[in-house]
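Right, one structure below, let's go through it.
Just so it is clear, none of the values below were taken in a lab; they were calculated from the coordinates. Not measured: the values here are computed from a predicted model. Note: ideal-geometry Cβ built from the backbone for every residue, glycine included; neighbour counts use all protein chains shown.
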Amino acid sequence: MLLLYIRMRFLCPIPQPYQWEIKGKQPKIKQKQRNRERRTIFGCVEPKTGKVVYQVSERGNAKTFFSFLIKVVKAYQGDKVYMVLDNVAYHHSRRIKTVLERYNHRLELIFLPPYSPDLNPVERIWWFMRKKISHNRYLQTMDQRLELLKQFMTSFEIENYQGKILSNICSEIN
């Protein structure tokens, strides 16, 4: 089973990417900068079906990545999982390598070349998700953002099952 992997961070409140303003007038954006809440989202998509497996963690590190890998392997019991991913340092940690050596019959990680997110089609999916649930929206709490993430992932899976989104997003890569 081929899976495309991505990890990203959620900040709350998020930086506002752009807004309308009168020409020549500097916009004032009221946004708290201290005590931002952060979450790391690990996720993978099966291109063939659009099935999504994701996990929200307090931090992104070898321990949380390991728990995500366990979740993925459990979701695909009976199948060998080939996961395409980037080169974040904890993906290559000693802890992960020992587990991969032990379970190489169930899981194999395929690393992209360094600094090449454009080669991973799932980057487009994450971009689409951020655009749909966070750009130009003010959300007071992290819980609100995580609820929108859950709703997005559910609708994403349903629409992909119907063949509507995934092929269009991944084909938009230039």
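Table for the structure above
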quantity: Filter on LYS25/LYS150; LYS80/LYS150; LYS48/LYS131; LYS48/LYS150; LYS74/LYS150 - keep pairs with C-alpha separation over 31 Å; calculated: LYS25/LYS150
quantity: Rounded to the nearest 20 debye, dipole of region 21-117 from Cβ charges on Lys, Arg, Asp, Glu; calculated: 640
quantity: Nitroxide proxy distance, nm - points 7 Å out along Cα→Cβ at LYS63 and ARG94; calculated: 1.7
quantity: Added length on full extension, which subtracts the Cα-Cα distance from 0.36 nm per residue, TYR103 to ASP79; calculated: 7.4 nm
